[in-house]
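Report on one structure; see the data block that follows.
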Amino acid sequence: MQKITSENISEIIENDEISDICFYGINFSNYNFSAKRFHDCEFQKCNLSNIQLKNTTFDTIWFKDCKIMWLKFVDLESLLLQINFYDCDISLCSFYGLEMKNTTFADCEIKECDFTQTHLQNSKFEYCNLEKSIFFQTKLEKVDFSGSHSFVIDPNHNTLKWTIFNRENVFWLLQHLDIQIK
């Protein structure tokens, strides 16, 4: 995998098809990724805030230690969508209605994101802060929320069959009831 930094970005980023690249330490904020196809790429320590993703393809993409804000993942071409997030700050993003089966979110701050009608079957939210993120009519079958916290998931409005929660965090499932737990 070729490593690309801000010094040598111009040689690769203008291409429509980009594969087997590790982008390292690049500030992509407000960049236009529209209609590009990324395959087997990794973004490390990058700022991907407010980038445009209209008809962009992400096929087997890893985000590691990245800042990701104000992204409309819903604009992605979803047929080949396969992405994973590790140690990322993900805020104010929309995943509305996407097919994101088998996605990993590990050790991430996921704040105020919209997962409405998202299909997340067999995904993992490992040790994530899900503060003010929205789960409504979301398919969460076999999703692992181990160690995650600050989520509000109403079992009446989401599919939770075989979903995994830590015993100490199961009270987050009761937040919508306006009850006190002592």
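The values are calculated or read from the model by the stated rules, or taken from the named source; none is laboratory data. Nothing here was measured: the structure is a model prediction, and the numbers come from that model. Here the Cβ is made from the backbone with ideal geometry for all residues, glycine too, and neighbour counts use every protein chain on show. Areas reflect the complete protein model, heavy atoms only, side chains present, ligands, DNA and RNA absent. Shrake-Rupley method; radii C 1.70, N 1.55, O 1.52, S 1.80 Å.
Details
- Student exercise, the chain dipole from Lys, Arg, Asp, Glu Cβ charges, in Debye to nearest 20: 500 debye
- The chain, accessible surface, carbon-and-sulfur percent (1.4 angstrom probe): 46 percent
- Listed residues Gln121, Ala106, Trp62: farthest to the positive end of the dipole of the chain (Cβ charges): Gln121
- Per-residue SASA remark: Trp62, around 70 Å² accessible (1.4 Å probe; ligands, DNA and RNA not included).
- Nonlocal amide H pairs with Lys124, under 5 Å, H built at 1.01 Å: Thr103, Thr104, Phe105, Asp144
- GluC sites (Glu not before Pro) lying in DSSP loop within the stretch 1-53, provided at most 11 other Cβ fall within 10 Å: Glu7, Glu14
- On a per residue basis, the convex hull of the C-alpha atoms belonging to the chain measures out at 97 Å³.
- Cleavage-rule hits, trypsin sites (Lys or Arg not before Pro), the stretch 1-47, DSSP coil, Cβ neighbours within 10 Å at most 16: Lys45
- Area accessible to solvent at Met1, 1.4 Å probe radius, in Å²: 130 Å²
- Take the stretch 1-125 with all the other protein chains still there, run a 1.4 Å probe, and you get 46 Å² of accessible area per residue.
- Given Lys67/Lys111; Lys45/Lys142; Lys45/Lys111; Lys64/Lys101; Lys54/Lys124, the pairs whose alpha carbons are separated by over 21 Å: Lys45/Lys142; Lys54/Lys124
- Of Ser148, Ser6, the residue with the largest accessible area leads and the full order is Ser6, Ser148 (1.4 Å probe).
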